[in-house]
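Undergrad: Just dropping this structure here.
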Amino acid sequence: MTRFPDGLDISGPVQAEVFVVWLNTDHLELTGPCGAAPWLIELGETEHPLAAVERVVRDVVGPPLLLHSTSWRRDRASVILSFVAVIEAGLVDGMESAPIDRTELARSSATAAPVTIDYRQVVEHGLRHMAWLAHDDRVVAETLPDDWRTVLAAYVPEPFRHLD
Amino acid sequence: MNEADDQRRLRARCACGWETVGDVEATVAATIDHGQRVHNMTATRDDVLASAEWLEAVEKGGPA
């Protein structure tokens, strides 16, 4: 993930990190207005985080099929809420996109957070969470197309969790 | 802003990699719009100017 520390950046005590994911034929890809990378969104004091993220994703990319908060952690002097936004292929529309590779999760010790957490590990956990929802949540199961559920079957289901 | 600034080109960059180049008014407006629309961020003109760079200064290697 390339970020430019000399550029204008978001701040605030709570931030959203959105992973825009789509199914390219038989594999998942990461995309978004900031490229194939985490998309950071500032969250205000009053708007519900899910509503704020849904609004921004809809305005910038288009209406997501599914939007779920999948984990949280402490980073960037903020609390970061991670979201997976599932979009249809037609919304990618020229945005940079890259296949999502599998990776090991960032695991905590019994009482301490992982030393480092790479965004790819957050994506991995987010997709495991979606795989869990595809089995556990009727709305997710009914909303995800069959080919999506086929791809998610390769992910070990995991519930929402704290990564830091 | 003085008259000389009207003639200079400004480059502003977002931490996400998005950038824009233009005269100061266009650059400030585009950057504020990008921040609001894409990142739900309320940036001010001063915020933009503090992180932007004047291209002439960059090209000459001098201070912005």
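Coordinate-derived values only; no laboratory data. Remember, it's a predicted structure, so these values are computed and weren't measured experimentally. Neighbour counts are summed over all protein chains in view; Cβ atoms, including those assigned to glycine, are modelled from backbone coordinates with ideal geometry.
Undergrad: Calculate the mean, over all residues of peptide B:9-16, of how many other protein chain Cβ atoms lie within 10 angstrom of the residue's Cβ. Don't skip to the answer; put the middle values down first.
TA: Numbers: counts 0, 0, 0, 2, 5, 8, 11, 16.
Per-residue shielding by partner chains comes out at 5.
Undergrad: Mind checking A:27-35 for the average number of partner chain beta-carbons within 10 Å of each residue's beta-carbon?
TA: Values: counts 0, 0, 0, 0, 0, 2, 6, 7, 3.
Taking all residues of A:27-35 together, the mean is 2.
Undergrad: What is the Cα centroid distance between segment A:95-156 and segment A:51-74, reported in whole angstrom?
TA: 15 Å
Undergrad: Any idea how far apart A:His27 and A:Arg138 come out in nm if each label point goes 7 Å out from Cα toward Cβ?
TA: 3.7 nm
Undergrad: Further question on the same structure: Mind listing the phi-derived Karplus ³J(HN,Hα) values for segment A:71-77, rounded to whole Hz, using 6.51, -1.76 and 1.60 with θ = phi - 60°, and x for any glycine or proline?
TA: My calculation for segment A:71-77 gives 5, 9, 7, 9, 6, 6, 6 Hz in order.
Undergrad: Right, something else. Taking a spot 7 Å from the Cα of A:Arg74 along the direction of its beta carbon, which residues of segment A:101-134 have an amide N less than 20 Å from it?
TA: Those under the cut-off are A:106-119, A:122.
Undergrad: Sticking with this structure for a sec: Report for the protein assembly as shown the percent antiparallel among DSSP-assigned beta bridges with both residues inside it, nearest 5.
TA: 70 percent
Undergrad: Assuming R0 = 22 Å, can you tell me the calculated FRET efficiency for the pair B:Arg8 and A:Asp6, based on Cβ-Cβ distance, to the nearest 0.05? Please list the in-between numbers first.
TA: Details: r = 19 Å, r/R0 = 0.84.
Taking R0 as 22 Å, the efficiency between B:Arg8 and A:Asp6 is 0.75.
Undergrad: Follow-up question, since we're still on this one. Once you have the Kirkwood Rh of segment A:77-164 from its Cα pairs, apply Stokes-Einstein at 4 °C and 1.567 mPa s and quote D in µm²/s. Mind showing how you got there, number by number?
TA: Details: Rh = 14.5 Å.
Diffusion coefficient, whole number: 89 µm²/s.
Undergrad: Also, quick follow-up: Per residue, what volume in Å³ does the Cα convex hull of the protein assembly as shown take up? Please report the intermediate quantities before stating the final value.
TA: On the way: hull volume 32.7 nm³, N = 228.
In the protein assembly as shown, the Cα convex hull volume per residue is 143 Å³.
Undergrad: With N residues in segment A:61-114, what two-decimal value do you get for its Cα radius of gyration over 2.2 N^0.38 Å? Display every interim value, and only then the final one.
TA: Numbers: Rg = 15.1 Å, N = 54, 2.2 N^0.38 = 10.0 Å.
Relative to the rule-of-thumb radius for its length, segment A:61-114 sits at 1.50.
Undergrad: So which chymotrypsin sites (Phe, Trp or Tyr not before Pro) in segment A:103-164 pass both tests, a DSSP loop state and at most 15 other Cβ atoms within 10 Å of the Cβ?
TA: Numbers: sites: A:Tyr119, A:Trp132, A:Trp148, A:Tyr155, A:Phe160; in loops: A:Tyr155, A:Phe160.
Qualifying residues, ordered by number: A:Phe160.
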